[in-house]
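The values are calculated or read from the model by the stated rules, or taken from the named source; none is laboratory data. All figures in this text were calculated on a predicted structure; none of them were measured in a lab. For neighbour counting, all protein chains shown are included, and Cβ atoms are generated from backbone atoms with ideal geometry for every residue, glycine included. Ligands, DNA and RNA are excluded from the accessible area calculation, which covers all protein heavy atoms including side chains. Shrake-Rupley method; radii C 1.70, N 1.55, O 1.52, S 1.80 Å.
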Amino acid sequence: QVQLVESGGGLVQPGGSLRLSCAASGFTFSIYPMAWYRQAPGKERELVATIRSGTITNYADSVKGRFTISGDNAKNTVYLQMNSLKPEDTAVYYCNTIIAFTAYWGQGTQVTVSS
């Protein structure tokens, strides 16, 4: 059974940093692309970053240079390091993978950027 469990969200001031974690289980973590999405109140869910083959990464323009996605195969965990946070980064952040044409999601973790 595929499970994705996010953690690490919280309240942070503008300019601050957070690191989100997504613990994966029930599948061979290292062979599937992983992604982080976010959804702000009243907005569509949007793709933030992806990682595949351990090192190939892509980012939304809005987070390039500030966020870094990485994975630890030994821990079956994908991370999202978020620096220079802005109020517009406030959202629920979700971990995602697609296996056999089925999308799997975690429960989400709230990130709030506010002074």
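Below is a table of values for the structure above.
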item: Residues in the stretch 100-115 reached by a label modelled at Ala40 [backbone nitrogen below 15 Å; 7 Å Cα→Cβ]; result: 111-115
item: Contour minus Cα-Cα distance for Ser114 and Ser53 (0.36 nm per residue); result: 18.5 nm
item: Residues of the chain: accessible area per residue with a 1.4 Å probe, Å²; result: 54 Å²
item: Selection from Met82, Gly26, Val111 lying farthest towards where the dipole of the chain points positive, charges on Cβ; result: Met82
item: In range of the label at Tyr32: residues from the stretch 72-115 whose backbone nitrogen is under 11 Å from the point 7 Å along Cα→Cβ; result: 96-106
item: The chain - percent of accessible surface contributed by carbon and sulfur, probe 1.4 Å; result: 49 percent
item: Proximal aspartates and glutamates to Lys86, defined as alpha-carbon separation beneath 20 angstrom and excluding residues fewer than eight positions away on the same chain; result: Glu44, Glu46, Asp61
